[in-house]
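Data first, discussion second: the structure below is written as structure tokens.
The values are calculated or read from the model by the stated rules, or taken from the named source; none is laboratory data. Since we're looking at a predicted model, the values are computed, not measured. All Cβ positions, even for glycine, are placed from backbone atoms using ideal geometry, and neighbour counts span all protein chains on display.
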Amino acid sequence: MLNQARPAPMGPDVRGNQARWYVPAALFAVLALVAGMPGVVLAAFTATTSSRADVSATPYFFPGSVYRWGIDAAPATTPARYGAASDWTALATGGRHTCGVRSGGSLWCWGLNDEGQLGLGAADGLAHQATRVGSASWRTVVTGREHTCALQTDNSLWCWGSNDSAELGVGDTTDRAAPVQIGTATNWSMVTVGTVDTCAINTSDELWCWGGNGNGQLGQGDYTSRITPAQVPGSWAYAALTWGTTCATRTDGTLWCWGWGGEGQLGQGNTTQYNAPVQVGSANGWVQTATGPAHSCATRTDGTLWCWGRNGNGQLGLGDTTPRQLPEQVGTATTWTSVTAVDENTCGVRTDGSLFCWGLNGDYELGTGDDTMRSSPQQVGMAIWLSVSVSYRGTCGIQSDGSAWCWGTGNPGQLTAAITTPRLTDANRAWSVITAGDNHMCAIGTDGTLWCLGLNDNGQLGLASTLSHPAMTRVGTDGDWLSVSAGGASTCAVRTDGSLWCWGANASGQLGLGDTADRAAPVQVAGTGYRAVTVGANHTCAVRQNDTLLCWGANDQGQLGLGDTTARTTPEVVGPAWLSVSAGTAYTCAIQRATAYLSCWGTGTATTPQPTDTPNTYKALATGYDHTCAIRTSGSLWCWGANTTGQLGVGDTTSRTAPTLVSADPWRRVEVGSQHTCGAREDGSLWCWGAGDNGQLGDGGAGSRVTPGLVAGLTSRKVALGGYATYALG
């Protein structure tokens with residue numbers, strides 16, 4: 001893990017390194033910092049030339065500023081504005097992507113595109129920023145798990161994306177990466193999509209459904225899928241479809257539901273499944289419906305809101321977690337105009353434009369500023385809202401001025417796409433140190449103040465809470481920080497007085513405090529005279545001013561270098577005379593002071609330091625999940641280890657067990673991510689290679705690279721790599 005230090009009178013700058021390890025993509029939020037987010041300044045980045053003089057002369061380059069690209073996981077815990085546009089008329093957030101319509105009729109989609117759900121003509125598997133879909137004029141759009149449907153202004157219906165269950169209704173099960181028209185009719189009035197199915201109503205009040213039908217959700221009296229639209233008998237006004245359950249209102253105001261009813265979400269007083277519409281009660285006056293995977297809600301003409309079904313996380317809004325099999329009124333308000341539901345939470349808008357959400361909140365999807373579950377409606381801010389769309393782990397809405405706002409953790413690329421070229425993170429402060437963990441980033445200003453942003457579920461931001469922060473937030477009030485290193489969910493930093501402080505996750509004792517309890521604020525580690533620290537996945541190492549090396553934390557692979565595999569919860573001496581150290585996932589590498597030789601240990605093969613390739617001498621190194629890079633004293637760059645995405649930069653994807661030359665040019669610094677690598681040459685130019693599927697190479701999202709590629713227009717003194725994000729100091 002990265003040991004980053006700002007220059008100080010106490011001694012030379014110690015060039016440490018940052019380790020990264022792979023975490024499944026589903027664990028990473030995609031809510032990257034976007035333009036206009038509170039407390040964040042993101043300037044448009046214009047590349048001119050890679051030379052230092054030309055770039056530093058442009059108004060877009062701010063020396064000492066933090067730039068970032070790729071995906072980082074800083075969830076918005078309250079609504080954060082998406083982009084600068086103020087003319088959105090429709091917005092829908094799906095499984096891992098979002099689409100919206102603007103006032104001129106243009107359709108825009110962003111997020112993950114593995115099934116072609118963005119409608120851009122190709123299923124490239126990449127996360128995209130908001131991109132216009134064709135040139136047609138659109139009226140509204142809805143998003144499902146991996147497919148999208150929309151109505152053009154001529155009332156024609158178009159769908160695209162995943163089609164494994166015939167959810168596109170085009171007569172086959174072949175995916176489409178661009179919009180394809182459903183039939184030839186131009187009389188569609190509304191459309192709703194589920195996970196593997198779709199329904200639409202036309203101006204003749206006819207309801208048509210197609211796609212998967214394993215729960216009878218198509219209302220055809222059977223469980224047979226349909227590859228083209230099939231009519232549901234009756235005269236219909238509104239329909240909502242999701243997760244195998246359908247509810248709809250007829251033109252006479254009656255409410256009907258069908259499909260899976262295992263949680264009582266069909267409102268029949270039982271848990272029976274129905275493959276044809278069944279009326280909910282006998283009353284009329286029902287207007288709009290919403291269905292989650294196991295609960296349903298609906299509004300009535302008198303402005304009341306009713307919910308029923310599963311309620312384990314309070315998603316019914318009834319003040320408890322008791323399930324209901326029949327509709328029950330939510331509170332006493334008579335001003336509800338719309339409701340939307342998904343998974344374990346629900347949101348609704350009232351006549352005055354106020355927005356309320358309730359239910360599960362572990363991913364901040366309620367927008368309440370915390371991750372606490374709510375079993376009754378909670379107002380989201382004080383803005384006036386026109387509409388809201390909830391999805392798994394994230395929510396988006398349109399305010400009265402036409403601006404789009406999103407919040408929650410989300411899935412990769414859902415609420416905003418990967419940033420594929422450098423964006424300015426904070427131009428209000430000059431920075432000297434930067435480090436990145438899997439889901440958080442910290443930096444030290446030239447004034448010695450320490451700031452962090454990102455995920456904070458283990459207290460890794462050091463803010464005395466576990467509330468995540470999407471913007472740079474100051475840690476404490478001190479201004480005497482010298483170096484900092486961010487690990488997976490832990491952080492450690494050294495002050496100018498030589499004291500060492502750690503916080504965050506501590507399940508393996510990696511904080512060095514003698515126990516395994518997490519800390520949400522900095523706590524001093526025993527001992528003095530520290531000058532550098534490096535945090536790995538679950539272990540930590542530090543070097544003192546007398547060059548003594550100490551390590552602690554997890555040791556199942558011998559990564560502490562103590563000759564055994566026993567974990568330590570307090571620092572223990574590995575040996576003297578070390579120049580620098582870098583902690584990887586389950587291994588550690590260090591450079592000796594006297595000889596500049598490189599030694600490594602851990603990963604189950606060695607429990608004490610072992611020379612790598614003496615007598616070659618090194619001046620900098622970086623360890624990661626399963627590959628390592630180092631710079632020799634000559635300035636040449638060498639890498640070895642896993643190479644599945646070209647992260648070694650040697651021109652292929654073949655792994656190496658010994659240091660392999662990447663470039664003989666003089667390099668200043670190198671950093672290693674989970675599956676990508678970046679380095680700065682002595683001329684200040686920044687280069688990245690390896691996995692680029694989330695824009696982490698900063699080259700505009702061109703994909704993976706097996707050799708170093710220039711990050712155009714940016715000179716960098718220091719760089720830090722997260723799991724799917726890259727940060728650099730300009």
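Taken over the stretch 335-369, residues that are out of contact with any Lys or Arg (no Cβ under 7 Å at 6 or more places or on another chain), farther than 17 Å from residue 405 by Cα and outside any strand (DSSP E or B) amount to 6. When residue 660 is tested against (1) more than 29 Å from the chain's Cα centre (by Cα); (2) surrounded by 24 or more Cβ atoms within 10 Å (Cβ to Cβ), just one condition goes unmet, and that condition is (2). Is it the case, given these coordinates, that residue 561 is crowded, with 24+ Cβ neighbours inside 10 Å, over 31 Å from the mean Cα position of the chain (by Cα) and farther than 22 Å from residue 661 by Cβ? Taking the combined requirement at face value, the residue satisfies it.
Residue-by-condition table, conditions (1) basic (Lys, Arg); (2) crowded, with 23+ Cβ neighbours inside 10 Å; (3) closer than 14 Å to residue 246 by Cα:
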| residue | (1), (2), (3) |
| --- | --- |
| 271 | no, no, no |
| 286 | no, yes, no |
| 290 | no, yes, yes |
| 300 | yes, no, no |
| 305 | no, yes, no |
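Remark: residue 488 matches the filter, which requires a residue to be under 20 Å from residue 465 (Cα atoms) and assigned to a loop (DSSP other than H, G, I, E, B).
If you take the residues in the stretch 567-618 that are assigned to a loop (DSSP other than H, G, I, E, B) and among the hydrophobic types (A, V, I, L, M, F, W, C), which one is surrounded by the most Cβ atoms within 10 Å (Cβ to Cβ)?
Initial filter on the stretch 567-618 (assigned to a loop (DSSP other than H, G, I, E, B)): 567, 576-577, 584-586, 593-597, 603-605, 612-617.
Within this subset, residues satisfying the condition of being among the hydrophobic types (A, V, I, L, M, F, W, C) are 567, 577, 586, 594, 596.
Numbers: 567: 18, 577: 12, 586: 22, 594: 10, 596: 16.
Only one residue tops the list, namely 586.
Considering the stretch 109-163 alone, what residues qualify as being among the hydroxyl-bearing types (Ser, Thr, Tyr) and either more than 18 Å from residue 190 (Cα to Cα) or not assigned by TED's automatic domain parsing to the domain that holds residue 184 (or both)? If you could, list the steps in order and put the result at the bottom.
Taking the stretch 109-163 and keeping what is among the hydroxyl-bearing types (Ser, Thr, Tyr), we get 131, 135, 137, 140, 143, 148, 153, 156, 162.
Listed by number, the residues that qualify are 131, 135, 162.
The residues of the stretch 117-139 that are surrounded by fewer than 24 Cβ atoms within 10 Å (Cβ to Cβ) and of a type in the set (Gly, Ala, Ser), listed by number, are 121, 122, 123, 125, 130, 134, 135, 136, 137. All of 517, 464, 493 fail the test of being in contact (Cβ under 8 Å) with a residue 40 or more places away in the chain and either surrounded by fewer than 24 Cβ atoms within 10 Å (Cβ to Cβ) or in a loop (DSSP other than H, G, I, E, B) (or both), apart from 464. Of the residues contained in the stretch 247-268, none is found to be out of contact with any Gly (no Cβ under 6 Å at 6 or more places or on another chain), free of Cβ contacts under 8 Å to residues at least 12 places away in the same chain and either assigned by TED's automatic domain parsing to the domain that holds residue 222 or not in a loop (DSSP other than H, G, I, E, B) (or both). Only one of the listed residues (367, 312, 397) is among the small types (Gly, Ala, Ser) and at positive phi. That residue is 367. Residues that are farther than 25 Å from residue 184 by Cβ and touching a Lys or Arg at 6+ places or on another chain (Cβ under 7 Å) were ranked within the stretch 208-264; the one that is surrounded by the most Cβ atoms within 10 Å (Cβ to Cβ) is 256. Is one or more of the residues making up the stretch 334-342 farther than 27 Å from residue 80 by Cα and in the same structural domain as residue 395 (by TED's automatic domain parsing)? Checking the stretch 334-342: at least one residue is farther than 27 Å from residue 80 by Cα and in the same structural domain as residue 395 (by TED's automatic domain parsing).
Consider the stretch 219-249 and keep the residues that are closer than 18 Å to residue 391 by Cα and of a type in the set (Val, Ile, Thr). The one that is farthest from the chain's Cα centre (by Cα) is 246. The C-beta contact set for the stretch 337-355 (first residue on the phi > 0 side of the Ramachandran plot, second residue assigned to a strand (DSSP E or B), distance under 6 angstrom, 6+ apart or interchain) comprises 353/385. Checking the stretch 321-334 against the condition returns no match, with no residue being at pLDDT below 95 and assigned to a loop (DSSP other than H, G, I, E, B). Only residues that are within 16 Å of residue 516 (Cβ to Cβ) and touching a strand residue (DSSP E or B) at 6+ places or on another chain (Cβ under 9 Å) were counted in the stretch 537-571, giving 14. The criterion of at least 3 residues that are under 25 Å from residue 210 (Cα atoms) and either of a type in the set (A, V, I, L, M) or within 19 Å of the chain's Cα centre (by Cα) (or both) is met by the following strands (runs of 3 or more DSSP E) wholly inside the stretch 104-154: 107-112, 138-143. Of all residue pairs spaced 6 or more apart or on separate chains, those with beta-carbon atoms under 9 Å, a first member in the stretch 528-549 that is closer than 20 Å to residue 673 by Cβ and assigned by TED's automatic domain parsing to the domain that holds residue 673 and a second member that is among the aromatic types (Phe, Trp, Tyr) and not in a loop (DSSP other than H, G, I, E, B) are 536/587; 539/552; 540/552; 541/552.
Taking each residue of the stretch 184-207 that is under 14 Å from residue 140 (Cα atoms) and part of a strand (DSSP E or B) and looking for partners that are of a type in the set (A, V, I, L, M, F, W, C) and modelled with pLDDT under 95 with beta-carbon atoms closer than 7 Å, six or more apart or interchain, yields 192/241; 193/241.
Per the conditions (1) over 31 Å from the mean Cα position of the chain (by Cα); (2) at pLDDT below 95; (3) crowded, with 24+ Cβ neighbours inside 10 Å, the sole criterion not satisfied by residue 637 is (2). One residue stands out among those in the stretch 665-715 that are among the charged types (D, E, K, R) and under 25 Å from the mean Cα position of the chain (by Cα): the one that is surrounded by the fewest Cβ atoms within 10 Å (Cβ to Cβ), which is 699. Exactly one residue out of 397, 413 is part of a strand (DSSP E or B), modelled with pLDDT under 90 and crowded, with 24+ Cβ neighbours inside 10 Å: that is 397.
Among the residues of the stretch 571-604, which ones are charged (D, E, K, R) and in contact (Cβ under 8 Å) with a residue 40 or more places away in the chain? Outline the logic, then answer.
Of all residues in the stretch 571-604, those charged (D, E, K, R) come to 572, 593.
Selection gives 593 alone.
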